[in-house]
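The values are calculated or read from the model by the stated rules, or taken from the named source; none is laboratory data. Just so you know, these numbers come straight off a predicted model, no measurement behind them. Quick reminder, even Gly has a Cβ in these numbers, built from the backbone with ideal geometry, and neighbours come from all protein chains shown. Calculation scope for accessible area: heavy atoms of the full protein, side chains included, ligands and nucleic acids excluded. Shrake-Rupley method; radii C 1.70, N 1.55, O 1.52, S 1.80 Å.
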Amino acid sequence: MSAPSARLHTGRVLVVEGKYDAARLAGITDAMILPTGGFAIFSDKKRQRLLKELAVKNGLILLTDSDRAGFQIRTYVTNLVGAQHVVQAYVPAMPGKERRKAAPGKEGLLGVEGVPDEVILRALREALGPELDPGAGAAPRGRAVTYGDLYDWGLSGTAGAAQRKYRLLADLGLPPRLSKKEMLEVFNRLYSFEELDAMIAALDAGCG
């Protein structure tokens, strides 16, 4: 595995196919990583809307598998958000299979999760080119949202948190199955603490 010092910094959102890709890449970049859920992105309207918003605010890096399915997802997301908001990162077609799998995929190629760190980092650096900058990234004004805020708002760790979370995400037009980590990252990409606090207060007032 790559040393921690080799982690890549970017303000763009890194879009991958699945949760194993996301877990794999979390160790080599501090970018926000958002999986498409594979072909589920074709019908997941809320995740589509989220990708569009993040693409406009931060820009995306697309990193999908090198097989046919990966390119179908890549093409779909690019057309969905607009090519002007996307940089394309490509891993080479490398024969093999991931250790967690009993057999290789249909085309016998390694997916993103199985490609060596240095190959992924090179692909990302080549895609970002001259914009690669440790200070890159657009952040909303105001203070950041924290895990403590999620608790204070009743979105995590409290009675009824799941229902409250789903209600808020639905009202914001966000995917209902965002994990706590994904939810925090999305909130900090799209809103400031002050904006969210006001929206949640308005929601609570409307339900009172």
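Run through the DSSP bridge list for the chain and note the antiparallel percent, rounded to the nearest 5.
About 10 percent, rounded to the nearest 5.
FRET efficiency for the pair Phe193 and Glu118, taken as 1/(1 + (r/R0)^6) with r the Cβ-Cβ distance and R0 = 25 Å, rounds to 0.10.
Net charge in the neighbourhood of Lys57 (other residues with Cβ under 12 Å of its Cβ; Lys, Arg +1, Asp, Glu -1) is +2. Protein heavy-atom accessible surface, 1.4 Å probe, per residue over segment 29-128: 48 Å². Separation of the alpha carbons by more than 19 angstrom is noted, of Lys46/Lys180; Lys46/Lys181; Lys19/Lys101; Lys97/Lys181; Lys19/Lys97; Lys19/Lys181, for Lys97/Lys181.
Summing charges over all other residues whose Cβ lies under 13 Å from the Cβ of Ala40, with Lys and Arg as +1 and Asp and Glu as -1, gives +3. For the chain, what is the charge dipole size about the Cα centre, in debye to the nearest 20, if Lys and Arg each add +1 at the Cβ and Asp and Glu each add -1 at the Cβ? Dipole magnitude for the chain comes out near 520 debye. As a fraction of the 1.4 Å probe accessible area of segment 20-83, surface on carbon and sulfur atoms comes out at 55 percent. What FRET efficiency do you get for Ala23 and Leu203 if R0 is 25 Å and r is their Cβ-Cβ distance, rounded to the nearest 0.05? Working from the Cβ atoms, E equals 0.20. Calculated mean residue ellipticity at 222 nm for the chain: -13000 deg cm²/dmol, from DSSP H runs with n ≥ 4 weighted as -39500 (n - 2.57), summed, divided by the residue count and rounded to 500. Taking each residue as 0.36 nm, the span from Phe39 to Ala93 lengthens on full extension beyond its C-alpha to C-alpha distance by 17.4 nm.
Binning the C-alpha pair distances of the chain at 10 Å intervals from 0 yields a P(r) profile of 8, 33, 34, 19, 6, 1 %, listed from the shortest bin outward. Taking 7 Å steps out from each Cα toward its Cβ at Lys106 and Arg68 produces label points 0.5 nm apart.
Against the chain, whose longest principal axis comes from its Cα atoms, helix 193-207 is set at around 60 degrees. Length available on full extension from Ala83 to Lys180: 0.36 nm per residue minus the Cα-Cα distance, which gives 32.0 nm.
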